[in-house]
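> Just dropping this structure here.
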Amino acid sequence: MNWTIALPEIVLAVIGLAILIFGVLRKQDAVLMCTMLTIGGFLIAFMLVLTGGKGSGFNGQFVADSFSSFNKLLILTGASLAAILSLDFNHKQGIERFEYPVLMLFATVGMMIMVSASNLMTLYLGLELQSLSLYVLAAFARDDLRSSEAGLKYFVLGGLASGLLLYGISLVYGFSGTMDFAQLAKLLTNPELASPGVIVGVVFVLVGLAFKVSAVPFHMWTPDVYEGAPTSVTVFFATAPKVAAMALLLRVMSSPFGHLVAAWQSLIVIVSIASMVLGAFAAIGQSNIKRLMAYSSIANMGYALAGLAVGTPDGVRGVLVYMTIYVFMTAGTFACIIAMRRQGRAVEQISDLAGLATNDPMLAMLLAIFMFSMAGIPLMAGFFGKLYVFLAAVQGGLWTLAVVGVLSSVVGAFYYIRIIKVMYFDPPAGAFDRRAPSLSFVAMATGLFTLLFFLFPSPVVDAANVAAHAIFK
Amino acid sequence: MGFPLLSLITWLPMVGVAVILSIRGDEKTVASNARWTALWTSLIVLVISLVIWVKFDRSEAGFQFVENVAWLPEYKVGYKMGIDGISVLFVLLSTVLTPICILASWESIQTKVREFMAAFLILETMMVGMFCALDFVVFYMFFEAVLIPMYLIIGVWGGPRRVYAAVKFFLFTLTGSVLMLLALLAMWLMAGTTDIPTLMHTHFPLGMQKWLFLAFFASFAVKVPMWPVHTWLPDAHVEAPTAGSVILAGVLLKMGAYGFIRFSIPMLPDASAYFAPFIFTLSVVAVIYTSLVALAQEDMKKLIAYSSVAHMGVVTIGLFTFNEQGIQGGLFMMLSHGVVSAALFLIVGVVYDRIHSREIARYGGLADRMPGYAFAFMLFAMASVGLPGTAGFVGEFLVILGALQVNFWLALLGGAGMILGAAYTLYLYRRVIFGRLTRDDLRAILDLSPREWAVFAPLIVLTMWMGIYPSSFTGFWDASVAAMVKQHTAALLETTKLAGVLH
């Protein structure tokens, strides 16, 4: 049995258990140490993924290929950024407890298992490990009513989605007799012969996963959870789990059910269009910036799904490039949002940003870079994400999707530039508290990535290309 | 590949930006240092671009100073720069107007000077890069990135309704651009490359050409701007600071027309011919309707903004005649409008800086107190009208000649713009400059300062030069335009032949 291919997950899980023991035993400053150890664990896992072998193991239930490596690296990056951002926020918010980094770590292990799953059972296992950790994180500010509400809402709706997913898996298993991705792909080579039961099963699986990436019409939980959860948790929600769920969706739809593309393509197209349009229009009326980011992430998932809808390696490549850029700009945006704090209290209204360009030009410039990037204005990285996705869509002949996509991106641009308007054109409100160095570090690092991506797009695009072709073997 | 001169003038302003952003000190030092850094940077860029002007080989129809660096090799997208006779003068227009704008905002911009100068230099990079780009993706990036500095310039340093104007400007232009993005992607997939010279020689099927043309049209028509999508322009002009208006009228409006002549006409010859009557209709409406609107304006900047729409209507008529006179006339008009309308916005800026009003009725009798100003205003007004001997005449005359070869009525209606233009410009001039001095603050008004003379002098020289000896400008694009017209005719002939075979 080739267990070494799961080394990153195993090592990370062991580190997680060790941190748990360490956190219980140590009384003082446990949180800082635990967070640092967690980030260290992420770094070790990062190196292991980079150097680790490829292949499949555990009787074909677990696979490590370029696709899983690409996504694991991205997940670990997102999780590390979120961990750094949580330090300052949790401390000032009075919710610093050592369980926080540990939960994050276990959620990350779950995500890594998800992207490596090559069996529907492994998939479910990884997904539940991730979800259960996230439910707790959402309610982490346990004295805060909104946070508890967010946790409960996420738990109930997430449970429902998991149920649907499980039901879909059981249908697929019942009608095909296997849960293994490779065997499923072989069985379904001729889509004509696929039994309707399998198709229904696929639809249920799709619904379950659409819930996890918060695509319309399974998005209802997103704004409430984003707003209610502590911001440090929201930034985590918006980055790593989105990558994991999207990777899972890509693998499941392309690899075992790849031959059924005719059956699921129209569904993905509809979900994608609905997400882009709803994300764009619903965000206009928001006054809370976290809620706005929730709708923005719904729209972003819509763009990413547009790449999936094409059902080709080029489409998957587009999605991977998109997700990479998305993680960086989202982490950066949330770093700026966490920096919004007046007299020790976190503020999250868009109007609180008024005149930021006068009070804190650096922060305003960074947030402006992220907003222009999200709006897809060139030279910023966000443009390239959209470029590759729409390139694939046009290549696949999905013109409706492409036209609706670019037009809704104009609507989206309206609310992104409204934030810039508030920062630059409105008279200054009171200044924010001093930024913590950790926030500045994350914002500047991701800001530089967003701003300078255009100089060297090749490495990311090439890696995404290799990864995309790995699941179409 | 020789020394990358084009990349140098494109990216040099960014070095200036870096310097400006790193200036430390109290507000006054920062402002003064930022002004000087921006001015020197733009002057150095101007000098380098003059070197290009001198070294440019006028007999060559193709692209010169070509640079090519692999950027996304597996998608056949390269960072490719180069200029031909059509683009070289627009590069120069951008590099000439930028230092003028910086000089013009020397005193009128007092808040956030550092950011203003940085935004202007970023804008220069984007404009020059756009005119030099020989790769469609690179072109698109510069074309669209212009929005960022311009949005901020209007929004931060603009007038009372600046937010509305900035957002409107941004969304109008973006809507057009994203549709062009789709056309770009379709061409990319069809031709397998985004190299502009290759795309110019790629034949696209007629059905596809029509869709591509409409997508391009959505983008360029907004930028030109053509009637009925011109409504963002008066708002943007009125609210923008003087320098913003100057660059908007001088260079940004040319981007749309440049797009037509660089992309629509050579790449989509059949669709261009098919849609030419449609373009003519919109252009004639623009010429007549917006001229009449201009006649009724109470605001000086708004009046000039509407006159810009009318003048750009003449440009689009010229470009879509597909003959040498018409296209040359269109190009000349773009250039002269770039100089003259920019100068007119500066003229408005001069009195706005002193009285803080753009209302025409607020002025009158300025000739008494400001003879120098009245002279400069007169010169540019005449050039705008198209008086022979000034820059405006050559372009309009050539366009009318070209239009006559297409259709008599087109030439007549297009030419009507000149008459209406004379009406609203002279009416404006009479109300502002002549009449009696009635207000006290006007009695004390000062004539042009040496700095302002320095701003106007190059523009006066250019206006006269273009009018008196136009061939030193048309000489640049003679070869390129002749090659383009030839290729266009050949392409149309080919299509007709093909149709003949099929029937």
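> Does A:LEU292 satisfy being surrounded by fewer than 24 Cβ atoms within 10 Å (Cβ to Cβ) and in a helix (DSSP H, G or I)?
When the stated conditions are applied, A:LEU292 does not pass them.
> Still on this structure: Which one of these does A:GLY396 not meet: (1) within 11 Å of chain B (Cβ to nearest Cβ); (2) over 29 Å from B:THR111 (Cα atoms); (3) buried (at least 24 other Cβ atoms within 10 Å of the Cβ)?
The single condition A:GLY396 does not satisfy is (3).
> Right, B:GLU124: at the interface with chain A (Cβ under 8 Å from one of its Cβ atoms), in a helix (DSSP H, G or I) and of a type in the set (D, E, K, R) or not?
no
> Picking from A:GLY430, A:GLY412, which residue would you name as being of a type outside the set (D, E, K, R), in contact with a strand residue (DSSP E or B) (Cβ under 8 Å, 6 or more places away or on another chain) and under 30 Å from B:PRO160 (Cα atoms)?
Going through A:GLY430, A:GLY412 in turn, the sole match is A:GLY430.
> Among the numbered criteria (1) touching a strand residue (DSSP E or B) at 6+ places or on another chain (Cβ under 8 Å); (2) without any contact (Cβ under 8 Å) to a residue 12 or more places away in the chain, which one does A:GLN28 miss?
Only one criterion in (1) touching a strand residue (DSSP E or B) at 6+ places or on another chain (Cβ under 8 Å); (2) without any contact (Cβ under 8 Å) to a residue 12 or more places away in the chain is unmet by A:GLN28, namely (1).
> For region B:144-165, name all the residues that are facing chain A (nearest Cβ under 8 Å) and in contact (Cβ under 8 Å) with a residue 24 or more places away in the chain.
Residues satisfying the conditions are B:GLU144, B:LEU147, B:ILE148, B:LEU152, B:VAL156, B:ARG162.
> Hey, can you tell me all the residues within region B:179-213 that are without any contact (Cβ under 8 Å) to a residue 24 or more places away in the chain and assigned to a helix (DSSP H, G or I)?
Within region B:179-213, B:LEU185, B:LEU189, B:MET190, B:ALA191, B:THR198, B:GLY207, B:MET208 qualify.
> For region B:1-31, name all the residues that are surrounded by fewer than 14 Cβ atoms within 10 Å (Cβ to Cβ) and more than 28 Å from B:VAL69 (Cβ to Cβ).
Those that are surrounded by fewer than 14 Cβ atoms within 10 Å (Cβ to Cβ) and more than 28 Å from B:VAL69 (Cβ to Cβ): B:ARG24, B:GLY25, B:ASP26, B:GLU27, B:LYS28, B:THR29.
> Exactly one condition in (1) in contact (Cβ under 8 Å) with a residue 12 or more places away in the chain; (2) of a type in the set (A, V, I, L, M); (3) out of contact with any Phe, Trp or Tyr (no Cβ under 7 Å at 6 or more places or on another chain); (4) surrounded by 19 or more Cβ atoms within 10 Å (Cβ to Cβ) is false for B:LEU366; which is it?
(3)
> Tell me, which helices (runs of 4 or more DSSP H) lie completely within region B:228-323 with 1 or more residues that are of a type in the set (Val, Ile, Thr)?
Filter on region B:228-323 gives B:232-239, B:242-247, B:269-295, B:300-319.
> Looking at region A:1-22 only, could you name the residues that are over 30 Å from A:LYS473 (Cα atoms) and surrounded by fewer than 20 Cβ atoms within 10 Å (Cβ to Cβ)?
A:VAL14, A:LEU17, A:ALA18, A:LEU20, A:ILE21, A:PHE22
> Evaluate region A:336-350: report whether one residue or more is on the phi < 0 side of the Ramachandran plot, in a helix (DSSP H, G or I) and of a type in the set (Gly, Ala, Ser).
No; the residues of region A:336-350 include none that is on the phi < 0 side of the Ramachandran plot, in a helix (DSSP H, G or I) and of a type in the set (Gly, Ala, Ser).
> Take region B:60-97 and flag every residue that is of a type in the set (Ser, Thr, Tyr) and under 22 Å from B:PHE3 (Cβ atoms).
Scanning region B:60-97 gives B:TYR79, B:SER87, B:SER94, B:THR95.
> Test of understanding: among B:ALA296, B:ALA236, B:ALA310, which residue is within 17 Å of the chain's Cα centre (by Cα), farther than 20 Å from B:ILE400 by Cα and among the small types (Gly, Ala, Ser)?
On inspection, the qualifying residue turns out to be B:ALA236.
> Has region A:337-352 got any residue that is within 22 Å of the chain's Cα centre (by Cα), farther than 24 Å from B:VAL167 by Cα and more than 10 Å from chain B (Cβ to nearest Cβ)?
yes
> Also, quick follow-up: Taking the stated definitions as given, is A:SER409 more than 8 Å from chain B (Cβ to nearest Cβ), over 16 Å from A:SER440 (Cβ atoms) and among the hydroxyl-bearing types (Ser, Thr, Tyr)?
no
Values quoted throughout were computed directly from the atomic coordinates according to the rules given, and no laboratory measurement underlies them. Keep in mind that what you see is a predicted model, and the values were worked out from it rather than measured. As a convention, Cβ positions derive from the backbone with ideal geometry for all residues, glycine included, and neighbour counts pool all protein chains shown.
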